[in-house]
1. Is it the case, given these coordinates, that Gly571 is under 24 Å from the mean Cα position of the chain (by Cα), of a type in the set (Gly, Ala, Ser) and more than 22 Å from Gly327 (Cβ to Cβ)?
2. Quick one: is Phe85 among the aromatic types (Phe, Trp, Tyr), at pLDDT 95 or above and surrounded by fewer than 19 Cβ atoms within 10 Å (Cβ to Cβ)?
3. So Thr562 passes all but one of these: (1) surrounded by fewer than 20 Cβ atoms within 10 Å (Cβ to Cβ); (2) assigned to a loop (DSSP other than H, G, I, E, B). Which condition number does it fail?
4. For region 64-84, indicate whether the set of residues that are within 27 Å of Thr155 (Cβ to Cβ) and assigned to a loop (DSSP other than H, G, I, E, B) is non-empty.
5. Filter region 486-514 down to residues that are touching a Lys or Arg at 6+ places or on another chain (Cβ under 6 Å) and more than 30 Å from Leu464 (Cβ to Cβ), then give me how many there are.
6. Scan Pro248, Pro180, Pro191 and give me the residue that is in contact with a His (Cβ under 9 Å, 6 or more places away or on another chain) and modelled with pLDDT of 95 or more.
7. Of the residues Val212, Val218, only one is surrounded by 18 or more Cβ atoms within 10 Å (Cβ to Cβ) and either of a type in the set (A, V, I, L, M, F, W, C) or over 23 Å from Ile399 (Cβ atoms) (or both); which?
8. Do we find that Lys285 is outside the structural domain of Asp201 (by TED's automatic domain parsing) and over 23 Å from Met326 (Cβ atoms) in this structure?
Amino acid sequence: MLYPISTMSRTVSDLNGIWKFMVDQEVTPIDPGQPLPSDDVMAVPASFNDQTADAKIRSHTGYFWYQRRFAVADVLKDQRLVLRFGSATHEAWVYLNGQEVGHHKGGFTPFEIEISDDLVDEDNLLTVKLSNILDYSTIPVGNYSESQDESGHLTRKVDENFDFFNYAGLNRPIKLYSTPKAYIEDIVVAPAVDLDQQRADVHLTVKNGGEVFDEVNVTILDQAGNPVATGSGLDEHLILNNVHLWQPLKAYLYTAKVTGMIAGKVVDVYEEPFGVRTVQVTNGKFLINGRPFYFKGFGKHEDTYVNGKGLNEAYNVLDLNLMKKMGANSFRTSHYPYSDEMIRLCDREGIVVIEETPAVGLMVSFTFDNSEISKPGYQDDTWKDLNTAAAHRQAIHEIMDRDKNHACIVMWSIANEAANYSKGAHEYFEPLFKLARQLDPQKRPLTYIDLVWSNPQSDKSSDLLDVICLNRYYGWYLDTGDLEVSERKTRDELKAWQAKYPDKPIMYTEYGADTIPGLHSAYDEPWSEEFQEDYYRMNSKVFDEIPNFVGEQLWNFADFQTKYGIQRVQGNKKGVFTRSREPKSVVRYLSKRWNSIPNFDYKKS
């Protein structure tokens with residue numbers, strides 16, 4: 001899927017702004033062809049939850065509506081017109097002038113609807129019905145229930161099976177863009193690099209939509225806009241000599257300019273930025289451009305005040321600047337694919353990204369009895385009760401369709417903290433890994449993220465992984481405050497993983513301790529800023545001892561909102577920054593450590 005851009009043949013209109021809004025009480029049917037019977041408004045893009053002063057609206061579970069009017073300029077009415085939603089969380093039905101024109105389920109990937117034949121001459125009414133319901137068939141997973149009050153009114157409830165707030169709405173930009181009737185539908189960029197010869201063979205595949213072009217020309221432009229390779233056809237190999245590599249924190253982007261022609265005239269033009277780099281896993285190392293790379297960075301969330309999970313490009317820019325100042329080079333899109341805009345920004349800024357599907361909460365039971373889980377035949381009801389496979393396959397298709405060409409993405413995470421310890425996990429995940437390997441034209445490494453109960457003895461599907469990615473909270477959730485015992489357990493487990501898979505890299509994708517900013521303790525008590533620093537120092541010591549340990553992405557970059565809970569004080573406080581991006585004292589220690597660790601060749605042995 002191509003990102004909407006303006007070219008000599010294309011226009012992009014922004015439908016963001018103030019929309020009418022209402023929650024659906026499911027008492028009176030709503031006619032999508034009429035003005036919503038509501039005086040409420042919401043800004044788009046943004047979650048609806050924190051824009052309201054009404055607690056009932058903020059916590060509403062069920063259906064809700066957005067609506068606005070728009071007009072299309074006469075000069076565009078002979079063009080192909082496409083309505084593009086950056087996301088609609090979590091399910092959307094789209095109506096234009098009262099007629100349903102599209103439907104999409106899945107709250108973190110874009111979808112498009114061609115609307116050329118559904119427009120009226122002047123004032124078009126765009127109405128969107130959404131649902132924030134999550135259940136055992138969706139990703140993320142929610143525990144869904146219904147009840148009725150004395151009057152028979154239905155109340156819906158979702159108890160999220162994950163630790164972040166279920167922000168919903170039109171969280172990402174809504175755009176109307178035009179193309180000619182004959183148009184460039186998609187471009188696939190797959191560079192093959194000869195590092196010794198400083199040469200790249202860039203395989204470019206172009207998909208023609210609508211009327212068929214007589215001719216397709218492709219030009220690769222360097223970062224200064226100069227042509228460096230040309231070709232023609234829908235399937236072309238172009239050679240780049242003296243290639244400039246996309247490097248972590250040193251991005252270099254080429255542009256593939258594709259031109260479709262009919263009868264000797266230019267009909268459609270699209271420009272796709274891309275970077276050239278290699279990614280490989282070998283001998284326990286994670287190689288970028290042939291050199292052992294060390295991940296330094298964060299798990300993160302799309303989460304800001306008022307916007308919720310809505311796109312906030314100023315926060316995106318600030319977050320990457322704070323990362324770079326600390327010496328960080330990477331983050332994981334926990335626990336869903338982030339916006340197009342953030343991924344495109346990471347391409348430009350040289351930030352390395354592990355992109356994750358929304359498959360979080362894939363477990364139906366939770367036990368602290370690790371001895372029971374480690375038994376070979378351990379079985380809970382997860383892989384019997386969950387029905388997420390179809391949604392999971394769809395998510396893999398959609399993130400790779402959108403993000404296949406991005407150099408910043410070096411690995412796909414298929415899931416976060418699933419019941420990989422339960423019998424049936426291998427049968428669930430094997431076809432998903434096979435699908436991902438088939439779909440990715442750049443053949444990036446694959447992983448999923450293991451929680452503590454999935455250890456070297458209990459994990460039933462770790463053979464599928466290219467990289468062992470672990471979420472571990474020794475010293476916080478386990479052996480709280482006892483860093484001596486936690487150091488030993490951390491070391492013992494990492495050694496066990498290394499012994500089991502001596503050729504696989506290992507990294508931490510979560511580790512952290514909740515910390516209230518300004519809380520201090522002479523005794524390094526949990527929740528204090530002193531304990532947070534000691535906790536990270538302990539982990540760092542062990543990381544440096546393990547030869548195949550290739551990265552540390554802490555949890556979390558910044559405090560974030562969650563559902564209510566007695567372990568949560570206005571959300572999760574594991575951030576090394578507050579939610580407003582003020583640093584906690586541990587940032588100084590981490591900055592000193594990460595700025596002293598090179599991106600490459602940190603562990604040469």
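1. Working: under 24 Å from the mean Cα position of the chain (by Cα): yes; of a type in the set (Gly, Ala, Ser): yes; more than 22 Å from Gly327 (Cβ to Cβ): yes.
For Gly571, the condition - under 24 Å from the mean Cα position of the chain (by Cα), of a type in the set (Gly, Ala, Ser) and more than 22 Å from Gly327 (Cβ to Cβ) - is met.
2. Values: among the aromatic types (Phe, Trp, Tyr): yes; at pLDDT 95 or above: yes; surrounded by fewer than 19 Cβ atoms within 10 Å (Cβ to Cβ): no.
No; evaluated as a whole, the condition is false for this residue.
3. Answer for Thr562: the failing condition is (1).
4. No - not one qualifying residue is present in region 64-84.
5. 1
6. Pro191
7. Val218
8. Taking the combined requirement at face value, the residue satisfies it.
The values are calculated or read from the model by the stated rules, or taken from the named source; none is laboratory data. None of the values given here were measured: they were computed from a predicted structure. Ideal geometry is used to build each Cβ from the backbone, glycine not excepted, and the neighbour counts take in all protein chains shown.
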